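Structure first, commentary second.
The values are calculated or read from the model by the stated rules, or taken from the named source; none is laboratory data. The model shown is predicted, which means the values in this text are computed figures rather than measured ones. Here the Cβ positions follow ideal geometry from the backbone for every residue, glycine too, while neighbour counts run over all protein chains shown. Side chains included, ligands, DNA and RNA excluded: accessible areas come from the protein's heavy atoms. Shrake-Rupley method; radii C 1.70, N 1.55, O 1.52, S 1.80 Å.
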Amino acid sequence: MFRLNKRVKEPDEVPQKLEEKINYKVFGLIFAAVIAFQMYLYTFKNPDDPQLSLIATLADFITPLVAAIAGFFVSKRYWNSEVFGKSYLALSLGMMMNAFAEMIYYAYEQQGQTPSPSIADWVWLSFYPLTFYHLAKNISFFKPKISIGVKSLVILLPILITAVYAFLEYGQEQAADTTFFLGLAYIVGSAVILSGAILGALVFRQGVLGIAWLVLALGIVLTTIGDNWYSYLDVYNQYTLNHPVNLLWYAGYLVIAYALYKHKKII
Amino acid sequence: MSGLDTLIARSLDSTIRENLGEQTYQKLERRLFERHGIGFTQAVEDFRKLDSVLREFFGNGAEGVERQIIDKIMILEQSKRQEKRWITIEDQSLTKLILESLGDEDKKNILNAVIDESRIISDILETSRIPQTSGYRKVNTLIQSGMLIPEGFATTHDGKRVTKYRSVFENISIEIEKNKVIVKVQPTKESLKNSHIMQLVCL
């Protein structure tokens, strides 16, 4: 007698609404990893220890590289498309530039030359226009018309951040020299992309892609806070290789990599 | 479905692939099938369903996608009087379709016969003096391409209800600039009002 041994598979139910959730375990893992790494850096008593410099530089190099590789995968997926293909390539190139800049900076340090201002700064700064291109390309495609209220907010936020920095920096240094303008360039760049990332998250917020953009905005917020904090530390000469500001950069890039993974999974 | 939507639908498919990529296209198509049981081509013709799926993925960004897609196909000129707006056709296949329809003497006569008022097919053929056999074929081609749209009914002497048709455009202008043929059309008030795509995107 024929017996049906295999269990008849229940048909999958089609969801009425697409849902995508943030996996908070991933965030937990990222933050636990970077905090553990920071604890490890604290074990070095001498902040000028060459081994500390090497380990910190490696971490500074690897984290944006991970995000850049994730970006290349996303860009490859949409290679022929006008918006996604080009914009994600620009974003991943921007993060690749950050990784390269770390190595250039380290090379300058090892040769006993002044690492900043140097070519490393230009490579670092190229991250901002490339990321801005990514944000602008997506926002202009998906939201060509933006309300005056949102526009004002997006313009005022970087102006405010820049003004506060310029006021504090000038108050401390009392001179508008190369260091002042270089610091200002970082602040302007990071403040502008922060604004763009928030706008992007607002544009997509009601769709599933909004999750990926929210995570991306969070990653950019973390790196921007890191950039701003570093600039203030630099003004008051308080930055060290094992300063907790590094946590924000490491976590920021890893969160961006997670956002890119999310994007690839969603669409 | 509005005639204007049929015309636009001919070009939407390729434009979505170009802008959003093949993978995105497939993902959208899969979701359309899951949710509405239709393929992409049918969804393009039923723009509200496509809009709902685009919104599921892109949220408010769907509006931008739709606008960009339409802009690649046509440019709606700004005018205070919404119903008197001219549309410049950007899409070459759509331009070709309109020019071919106007290049055919019989089709041009058919369109001229229904430019101001809607008529039943036999009336159209009589007014434009076209033989029945080839006339029906050409009218059907114009209906399928969206150049003729149904508008009301007429009752024949034996009591049958017969559909009346009207041209989707009130005016068509053809300009030649260097090597480029520019086709501008002025849709009828009704076709603009009945177009889901135009309602969602342009108005």
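What residue among B:V162, B:V65, B:V183 has the largest mean-square fluctuation in a Gaussian network model of chain B, using Cα springs under 10 Å? Result: B:V162 has the largest fluctuation of those listed. Relative to the current alpha-carbon distance between A:L153 and A:D177, full extension at 0.36 nm per residue lengthens the span by 5.6 nm. The stretch between A:L54 and A:L125 holds 23.3 nm of extra length on full extension. This uses 0.36 nm per residue minus the Cα-Cα distance.
Net charge of the neighbourhood of B:K164, taken over other residues with C-beta under 9 Å away and scored Lys/Arg +1, Asp/Glu -1, is -1. Of B:D51, A:D48, A:D234, the order by accessible heavy-atom surface (1.4 Å probe, DNA, RNA and ligands excluded), from most exposed downward, is A:D48, A:D234, B:D51.
When you have a sec, figure out the Kirkwood radius of segment A:181-230 from all distinct Cα pair distances and drop it here in Å to one decimal?
Values: mean 1/r = 0.0899 Å⁻¹.
Hydrodynamic radius (Kirkwood, Cα only) of segment A:181-230 equals 11.1 Å.
For the pair A:I146 and A:L233, a Förster radius of 30 Å applied to the C-beta separation gives a FRET efficiency near 0.30, rounded to the nearest 0.05. Full extension of the segment from B:L99 to B:I115, taken as 0.36 nm per residue of separation minus the current Cα-Cα distance, would add 4.1 nm. Residues considered: B:K189, B:K180, B:K27. Largest GNM mean-square fluctuation over chain B, using C-alpha springs under 10 Å, is found at B:K180. Hydrophobic long helices, here whole DSSP H runs in chain A with Kyte-Doolittle means of at least 0.0 and Cα atoms spread over 30 Å or more along the helix axis, are found at A:50-77, A:84-110, A:148-173, A:178-203, A:209-235, A:245-266. Please give me the summed charge of the neighbours of A:A212: other residues whose Cβ is under 9 Å from its Cβ, Lys and Arg +1, Asp and Glu -1. After counting each charged neighbour, the total is +2.
Quick one: grab the alpha carbon gyration tensor of segment A:68-156, order the square roots of its eigenvalues as a ≥ b ≥ c, and give me rounded if a/c is under 1.5, else prolate or oblate depending on whether a/b is larger than b/c. Could you put the intermediate results ahead of the total?
Details: a/c = 4.66, a/b = 1.64, b/c = 2.85.
Oblate shape, in that a/c is at least 1.5 and b/c is the bigger or equal ratio.
When shorter helices are ignored and each DSSP H run of at least 4 residues is given -39500 (n - 2.57), the per-residue value for chain A at 222 nm works out to -26000 deg cm²/dmol.
Quick one: of A:K25/B:K49; A:K137/B:K96; B:K27/B:K184; B:K72/B:K108; A:K76/B:K184; B:K108/B:K184, which pairs are farther than 28 Å apart, Cα to Cα?
Correct reply: A:K25/B:K49; A:K137/B:K96; B:K27/B:K184; A:K76/B:K184.
Inter-label distance, A:A36 to B:R137: 7.7 nm, where each label sits 7 Å from its Cα along the C-beta direction.
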